[in-house]
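Following: one structure in structure tokens, then a few remarks.
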Amino acid sequence: MIRRFLRNYLPRHTHPVNRLLHAIGVPLSFLVAPVLAIGGWDWYWHVGCFACGYLLQFAGHAVEGNDAGEIVYIKKRLGLSYREYAPGAYSSSHPETSDDTKSADG
């Protein structure tokens, strides 16, 4: 399970700035925000931490040149084209194509 996660995660997060923004954003969203909520802080602190953490992750994907995982999922479901990997990057986890931009029709 962890290998599968890393096989998908690592090729989508190759740029050092993206990795840095994720190293800050993920804990902010998924550790700090819940701790503040449980700790009884005013709602805007934990909502703000969660939102800022996600914004940092989306900014990281903008630097990387690919769509964030949530956006990939939504675009797949809607049949829209998406960029799962940064331009020029390619993961062997998708052997059916060497193109890093995918769409529902091919």
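Values quoted throughout were computed directly from the atomic coordinates according to the rules given, and no laboratory measurement underlies them. Source: prediction; values computed, not measured. We place every Cβ from the backbone using ideal geometry, glycine too, and count neighbours over all the protein chains shown.
Summarising the label geometry, the points placed 7 Å from Cα in the beta-carbon direction at residue 17 and residue 41 lie 2.7 nm from one another. Sorted largest first, the principal axis extents computed over the alpha-carbon atoms of segment 1-41 equal 38, 26, 8 Å. Model label points for residue 52 and residue 70, set 7 angstrom from Cα along the Cα-to-Cβ axis, are 1.7 nm apart.
Distance between the pseudo-spin-label points of residue 26 and residue 62 (7 Å out from Cα toward the beta carbon): 2.1 nm. The alpha carbons of segment 15-87 give a radius of gyration and a Dmax of 14.1, 44 Å, in that order.
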